[in-house]
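Below: one structure, written as structure tokens.
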Amino acid sequence: MEDEAEFDSFVVARSPALLRTAYLLVQDETLAEDLLQTSLTKAWFAWRRIEGDPEPYVRRILVTTSASWWRRRWTREAPTADLPDHVAATGTPDWQDLWNAIGHLPRRQRAVVVLRYLEDRTEVETARLMGCSVGTVKSQCAKALAKLRLDEALEPTTDERSRS
């Protein structure tokens, strides 16, 4: 009964932050909710074995579950018989361009960027959450930032260039 109450209070307190992380990993609201629920279910079964703060454990479950989902299915394209009648509007907000650019990164690089910069984690924390070495975090981070620098969606517009 005590474990159940601790788990319930953890879920209530930390779900919004965990859901943000899940969204940043999968870039889809519905998939993020599914990812969080799956991760919390896995955490529940391990709850008695978790020592100390359970949040890093649950975040690691989020990252590894996200990676295993990506290995199982391709979500970028869906075949269709009909082409859309309209073209997406131009002039999307800057934050949307950033999310789109992050979405173009491979899963592992995306996870590093999310954990290091959007969650403000250290290299050591990120390595522990991803189950890899600090060197891997550094190299994946460098590769991700290099790809983001080349992403056309993040290039400044003519107006922005003239102001600097």
Points 7 angstrom from Cα along the Cβ direction at residue 31 and residue 51: gap in nanometres?
3.6 nm
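What's the extension gain from residue 97 to residue 149 if we count 0.36 nm per residue and subtract their Cα-Cα distance? Can you show the working numbers first?
Numbers: separation 52, 0.36 × 52 = 18.72 nm, distance 1.25 nm.
Using 0.36 nm per residue and subtracting the Cα-Cα distance, I get 17.5 nm.
I need the peptides 55-68, 139-152 ranked by packing, meaning the mean over residues of other C-beta atoms within 10 angstrom, with the highest value on top.
Values: 55-68: 19.4, 139-152: 14.6.
In decreasing order of mean packing, 55-68, 139-152 become 55-68, 139-152.
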Per-residue HN-Hα couplings for the range 18-25, Karplus 6.51 cos²θ - 1.76 cosθ + 1.60 at θ = phi - 60°, whole Hz, x for Gly and Pro?
5, 5, 4, 4, 4, 5, 5, 6
Within the range 92-126, find all residues whose amide N lies under 15 Å from a label point positioned 7 Å from the Cα of residue 142 along Cα-to-beta-carbon.
none
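Considering Cα pairs under 8 angstrom that are at least six residues apart, work out the relative contact order of the range 94-156 and quote it in whole percent. Spell out each step's value before the answer.
Numbers: 44 pairs, mean separation 27.0, N = 63.
So the answer I get is 43 percent.
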Report, in debye and to the nearest 20, how large the dipole of the range 94-156 comes out about its Cα centre when Lys and Arg carry +1 and Asp and Glu carry -1 on their Cβ.
440 debye
Expressed in angstrom, Rg and Dmax over the Cα atoms of the range 2-72 are 11.8, 37
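Residue separation times 0.36 nm, minus the C-alpha to C-alpha distance between residue 82 and residue 64: what's the value? If you can, show how the numbers build up before the last one.
Values: separation 18, 0.36 × 18 = 6.48 nm, distance 3.55 nm.
This chain segment gains 2.9 nm when fully extended.
Each value in this text was obtained by applying a stated rule to the coordinates, not by laboratory testing. Keep in mind it's a predicted model, so treat the numbers as computed, not measured. Reconstructed Cβ throughout: ideal geometry from the backbone, glycine too, with neighbour counts over all protein chains shown.
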